[in-house]
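The values are calculated or read from the model by the stated rules, or taken from the named source; none is laboratory data. On a predicted model such as this, the values are computed, not experimentally measured, just so you know. Ideal geometry is used to build each Cβ from the backbone, glycine not excepted, and the neighbour counts take in all protein chains shown. Surface accessibility is based on the protein's heavy atoms, side chains included, excluding ligands, DNA and RNA. Shrake-Rupley method; radii C 1.70, N 1.55, O 1.52, S 1.80 Å.
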Amino acid sequence: MLPPGFAQRMRGLVGTDGVVDRPESLLVYECDGYTLERAAPEAVVLPRTPAEVAQVIRALWKDGVPFVPRGAGTGLSGGTLPVEAPVMVCTSRLQKIESIDIANRRVVAQAGVVNLWVSRAVKDAGLHFAPDPSSQNACTIGGNVAENSGGPHTLKYGVTTNHVLGLELVLPTGEVVQLGGPVEDRPGYDLTGLVVGSEGTLGLVTRATLRLTRVPESYRTFLAVFDSVADASEAVSGIIASGIIPAALEMMDGLILRAVEDAFHAGLPVDAGAVLLIELDGPEAGLPSQSEEVRELCKAQGAVEVRTARDDAERTLLWKARKRAFGAVGRLAPNYCTQDGVVPRTQVPEILRRISATAEKHSLRIGNVFHAGDGNIHPIILFDERNAGEVERVLAAGTEILEACVALGGSVTGEHGIGVEKIAQMPLLFSPEDLHAMATLRSVFDPQRRANPHKLLPDSKVCVEARAPRRQAAM
Amino acid sequence: MADSDVRFVEIEKLLSCVHCGLCLPSCPTYLELGTEADSPRGRILLMRALEEGRLRPTPEVTRHLDSCLGCRACETACPSGVPYGSLIEAARPFVEEHRPPVARFLRWLLDSVLTQPTVRNVATAPLRLLAGKPWTARFARATSLSLLGYAAALPEWRGVTPLPPVIEPDRELRGTAVLLTGCVAHSSFPQTTVSIARLLARAGVRVLIPPDQGCCGALSLHLGNDTRSRDLALRLSRHVSEDEADWYVTTAAGCGAHLREYGTLLPNDSGAANIGAKARDPLDLLAELGLPAPQRPLKAKIAMHDPCHLLHGQGVKNAPRELLRQIPGAELVELAEAEICCGSAGTYNLTEPGTAGRLLTRKLADIRASGADIIAAANPGCLLQIRSGAILQNMPVQIAHPIDLLARAHGLGD
């Protein structure tokens, strides 16, 4: 229960339309992109400026109310699910790109700025913000920082943490601290690096200083068609082993291909077993020879066909098809759950075999669309939440797949984060001592566990809850 | 509730949304308000809860559904192919029934005035005195009254020149088009109708203009009156459906998008199906047929504002740009957020003035930043909305229908 007069006090800070507290309007905040578990907050607060965020969080501290941060709500691990945090602080109104410094290749963006807006703002200068999650036309910088988001091009360019120079963080007390800064490689502890990927458990990030990257001079984008997922996986290993570093190396299996083709008419081969979307970029001079090599490698692994995107329009269409693949899956089933795991690249064929076995065992349909180049798999489990028992089977299948990833020497998440979804799998990766050390580190920032409680790190409470299929879920 | 009972839409259609959120930044109201319930994804959840009977259409729920412009930008953004436009249109009549009587009556009145030519002509007669007069503009600025701004944005009233029922093409016949003239677009901007008729004739089109046409019903549906909307559509289709027609054209993008839905709206009417299949945006048609090179130069920077129902409703983007680029001296510049609604959206600027005003302010800022001399908007609603804003803010920018710009360049306008 919120303390009396809470909404009124908040309205005093953020304006009358900045607080949502009617049950009808709160209903829509019951989940983000991870829809398996649902719980609505008691109030949503929408500050308009970074300063207002600090005021709001200070007031929450005084009231002793834990909060959950939310950007665009495109996350896939339930990082914004309110678990014993009645108030949601939403950054969707912090939309300003505050400064653009082309000469030094950096921008300062508020937390609610959409990922793609940054690249759009500096496009004419031949620059872009490299992390490109599939949701980049909707997800926010704040969310990218919280989840340390990746994307297809992270194979060559790295993930969010490689592109964040500094952060403004509001601590759970409401105190504002500046971490890092415009200068690269500052001495002392890398606190910026600590906060990136902390999933909102250390405080709320309001501003980020981002590094900009040159747009490559040239691209070559290929679509390699294979009869089977196994052949395509071998081609991935072949390309990586050859020493070529593609900007992106993505795989889509037959199930996904058909949904995507139905949605975007990108001319994808719907009867193929799998395709690889391979992109090379860099100075024009080096591309023809590398392109030839990639073609040869694909053919050697049994590629039926290797197409090259003829122009920018075709390249854009192929990428649109790839990046919106998750949504296109909506055409196959009313619900889906996207898993996110990592295996060593050499184990990609094996994990795909195991995923297919899991699908069979639980009588579920599972499609695969993922970053093959860095072994970051994304099995998409299709289901209908109205079918009794199906949700439980989905959860069980997801757990099995993640356990297989760990068994093959990988990890339970590549880029979606732990959130609530994978909290039970953390002990698979870390010893109790490791987890205790992380909890101790967290206490430095948030001793009372007010910032996004029960996320990322399993505490005794959530460990128990997580075994139940749904935490306070109102499906 | 029994499984077969549908409150307003089949639940499967609502379930096609997978909650990915990719639609959010394409939604003008979400961009402005930042609240999930004012986003397509949020509204779909609300509609689902309404359909399932978990929520009642309380004023709070209605407020969020009303805040939807119906611009369908989310459909362009959606990877799952959610038919959002038809979902919200199905929800509107359901919500309408639960509205307080006074609000319901006012909306019914607005609908009645706008969609019935005779009533409209009587009711809007006083407007003719104010329309397009310089002193109306000054008065509007002095009082900051947006309604006066709209009056000032209308072209000066010079009567409606009756068009002949048939206009023969200027050159070799390429096809026959029925031109719609029964709507508020024609009574507000009669010159644009004349312009398109002449341009089509120049492109080799035989233009048919059946007399005594009525409204196509788009506005009624927007206001949640599905019964009237269907009646109007039926009347229109009986009145204008012609076997020899190859295309049905209108200068209002909103009506054009609605005509395309006629087949679904009236599944048992062959005339409606005929219109639905042949509805075509006239600019798109002109770009396809081709026009001789325009002779009269227009030295200006022109920026296109993409009307929602042209871009998102009909998928037309390049055609008007191609045509305008042919005008000697014209330089085309792009507007930031050209695809974001200006706030006009049928009667939205009248029923939701607050949000409409914010979107207009946003649009005007983008226009200022573009440095354009002329904004080309291919829909009368957008034209009025943006022009009224420019008048109120005293901006030195001209807002015109691309059809009128083209007609002038081809020596066919006044």
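Here are the numbers for this structure:
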read-out	value
One residue from B:45, B:22 being part of a helix (DSSP H, G or I) and facing chain A (nearest Cβ under 9 Å)	B:45
Unmet requirement for residue B:54, which otherwise passes all of (1) in contact with a helix residue (DSSP H, G or I) (Cβ under 6 Å, 6 or more places away or on another chain); (2) within 12 Å of chain A (Cβ to nearest Cβ)	(1)
Qualifying residue in region A:78-85 (condition: closer than 19 Å to residue A:169 by Cβ, within 13 Å of chain B (Cβ to nearest Cβ) and β-branched (Val, Ile, Thr))	yes
Members of region A:116-136 found to be surrounded by 24 or more Cβ atoms within 10 Å (Cβ to Cβ) and at the interface with chain B (Cβ under 10 Å from one of its Cβ atoms), listed by number	A:134, A:135
Single match in A:351, A:377 (criterion: within 15 Å of the chain's Cα centre (by Cα), of a type in the set (A, V, I, L, M) and crowded, with 24+ Cβ neighbours inside 10 Å)	A:377
Residue within region A:150-161 that is open to solvent by 30 Å² or more (accessible area, probe 1.4 Å) and either closer than 23 Å to residue B:39 by Cα or within 13 Å of chain B (Cβ to nearest Cβ) (or both) present	no
Condition check for residue B:32: more than 8 Å from chain A (Cβ to nearest Cβ), open to solvent by 20 Å² or more (accessible area, probe 1.4 Å) and over 27 Å from residue B:230 (Cα atoms)	yes
Count - residues of region A:170-200 that are in contact with a Leu (Cβ under 8 Å, 6 or more places away or on another chain), open to solvent by less than 50 Å² (accessible area, probe 1.4 Å) and without any contact (Cβ under 8 Å) to a residue 40 or more places away in the chain	5
Evaluation of residue B:35 against (1) modelled with pLDDT under 95; (2) more than 22 Å from the chain's Cα centre (by Cα); (3) of a type in the set (Ser, Thr, Tyr) (one fails), failing number	(1)
Flag if residue A:40 is under 24 Å from residue B:39 (Cα atoms), open to solvent by 10 Å² or more (accessible area, probe 1.4 Å) and out of contact with any helix residue (DSSP H, G or I) (no Cβ under 8 Å at 6 or more places or on another chain)	no
Enumeration of residues in region B:270-289 that are in a loop (DSSP other than H, G, I, E, B) and either open to solvent by less than 20 Å² (accessible area, probe 1.4 Å) or assigned by TED's automatic domain parsing to the domain that holds residue B:402 (or both)	B:281
Identity of the residue in region A:14-35, in contact with a Cys (Cβ under 9 Å, 6 or more places away or on another chain) and at the interface with chain B (Cβ under 7 Å from one of its Cβ atoms), that ends up nearest to residue A:147 (Cα to Cα)	A:33
Residue list for region B:242-267, restricted to those being open to solvent by 70 Å² or more (accessible area, probe 1.4 Å) and out of contact with any strand residue (DSSP E or B) (no Cβ under 7 Å at 6 or more places or on another chain)	B:243, B:264, B:267
Matching residues in region B:68-80 - criterion: being among the small types (Gly, Ala, Ser) and within 21 Å of residue B:306 (Cβ to Cβ)	B:70, B:73, B:77
Tally, over region B:60-119, of residues that are within 13 Å of chain A (Cβ to nearest Cβ), part of a helix (DSSP H, G or I) and in contact (Cβ under 8 Å) with a residue 12 or more places away in the chain	11
